[in-house]
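What follows draws every value from the coordinates through simple rules; no lab data is involved. Just so you know, these numbers come straight off a predicted model, no measurement behind them. Heads up, the Cβs are rebuilt from the backbone with ideal geometry, glycines too, and the neighbour counts pull from every protein chain shown.
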Amino acid sequence: GGLLEQIKFEGGRFRRKQEAVHAINGVDLDVNRGEALCVVGESGCGKSTVARTVMGLLSPSAGEIEYDGNRIDHLEGKDVLPYRRKMQMIFQNPYASLNPRMTIQQTLEEPIRFHHPDWSPMQIRDKIHEVMHSVGIDPDWGSRFGHEFSGGQRQRIAIARALAVDPEFIVADEPISALDVSIQAQVLNLLMDAQESRGLTYLFITHDLAVVEHFGTRVAVMYLGRVCELADTQTLFATPRHPYTQALLSAIPKLEDDRPNHIRLQGEVPTPVNLPSGCVFHGRCPYANDRCRQEIPELIATDGGARVACHAVEEGRL
Ligand code: SF4
Ligand code: MG
């Protein structure tokens, strides 16, 4: 697989109301065709901002997004349409992302008509039938309304809606975390099957390391708007290098432990509005020194294959 994406954000800061609440800085990621790149981190680390920026829902103040070698972050009008079709997003909350007063038929028809105005009613019907079947929703239920379906079924329909326009690249922002635990694995498996059968590429946003281990080809670990480690999934779980990654992995609850499977660290997370100088992790890091408090560490390739942004790793003292 060739290179599908180059995502570079430099000093991207996003405003909601009067307050800059989300910031990502120096995030530089490539997504390879056919892979699932998982972006993992605690809430507020900027992973959803990365997802929304890639999809063009937010504009970075600096940096660029390339798709198949073409810069797409400043496209307008007709030029953006091919990418609107090729790149689809699946959101966390299927209750918010599906209109409960539209039938499933209408929900699925809308994007197909938009992207294929020349299609016949029969082509549209066949496509709707195909995607409903492939997400495990009975195609005979097309005249039912969104509100008649459970959360898991609604997320299947949201996935069908994304698949209906034959995308290449799917950005999924916590697509299973709002669902009942009992159906999370089913929906995750559905996404994996779709990847296999349709040759999809995923940028998969999650806070859940069990999902990453199951689903990810590679993992980018984010903390306070920066990527601190980028590695193959197996490498990351076998030999985590960044102190933050190590803390995340050590916080995974054991099977016999019935705490919820969420990431938790001791200490206070600074706000993205008032970032610490140097390494953003220095206030919580046992290996921090003066250099860490002053100089921002770059993502640097290590012997093990991971790329790690940490002075201690670079200096060989970790
Ligand atoms: Fe810790 Fe310094 Fe590495 Fe940051 S750069 S993770 S503060 S050792
Ligand atoms: Mg989020």
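Evaluate region 20-93: find the radius of gyration of its Cα atoms, find its Kirkwood radius, and give the ratio Rg to Rh. Each step should come with its number before you reach the end.
On the way: Rg = 12.8 Å, Rh = 13.7 Å.
My calculation of the ratio gives 0.94.
Which percent of Cα-Cα pairs in region 65-146 sits in each 10 Å bin, short to long?
Calculated P(r), rounded to whole percents: 15, 40, 32, 13, 0.
So who's got an amide H within less than 5 Å of the one on residue 223, skipping anything under 5 residues away but keeping other chains? H placed 1.01 Å off N, in plane.
Excluding prolines and chain starts, which carry no amide H, the hits are 228.
Using DSSP to call loops (not H, G, I, E or B), can you name the trypsin sites (Lys or Arg not before Pro) in region 64-161 whose Cβ has at most 10 other Cβ atoms within 10 angstrom?
Details: sites: 71, 78, 84, 85, 86, 101, 113, 125, 127, 144, 154, 156, 161; in loops: 101, 144.
Taking region 64-161 and a limit of 10 other Cβ atoms within 10 Å, the loop trypsin sites (Lys or Arg not before Pro) found are 101.
Given a 10 angstrom Cα cut-off, can you work out which residue in 286, 240, 60 is the most mobile in a GNM of the chain?
Greatest mean-square fluctuation among the candidates belongs to 286.
Going toward the positive end of the dipole of the chain, with +1 on Lys and Arg Cβ and -1 on Asp and Glu Cβ, which of 122, 98, 238 do you reach last?
98
Output the Cα-based Rg and Dmax of the chain in Å, rounding Rg to one decimal and Dmax to a whole number.
20.4, 67
Considering only C-alpha atoms, what is the centroid distance from region 296-314 to region 101-178, in Å?
42 Å
Kindly identify region 140-217 as rounded, prolate or oblate by the Cα gyration tensor criterion: order the square roots of the eigenvalues as a ≥ b ≥ c, call it rounded if a/c is under 1.5, otherwise compare a/b with b/c, prolate if a/b is larger, else oblate. Provide the component values of the computation, followed by the final result.
Details: a/c = 2.17, a/b = 1.27, b/c = 1.71.
Verdict is oblate for region 140-217.
Could you give the length gained on full extension between residue 125 and residue 150, defined as 0.36 nm per residue of separation minus the Cα-Cα distance, in nm?
On the way: separation 25, 0.36 × 25 = 9.00 nm, distance 2.37 nm.
Between residue 125 and residue 150, full extension yields an extra 6.6 nm.
Using 14 Å as the cut-off for backbone N distance, which residues of region 142-183 belong to the label zone defined by a point 7 Å from the Cα of residue 99 along Cα→Cβ?
145-147
With no solvent and one equal point scatterer per Cα, compute the Debye intensity ratio I(q)/I(0) for region 273-313 at 0.16, 0.18 Å⁻¹ and report its log10, rounded to two decimals.
-0.40, -0.49
Out of the DSSP beta bridges found with both residues in the chain, what percent are antiparallel (nearest 5)?
On the way: 29 of 47 bridges.
If I count the DSSP bridges inside the chain, around 60 percent turn out antiparallel.
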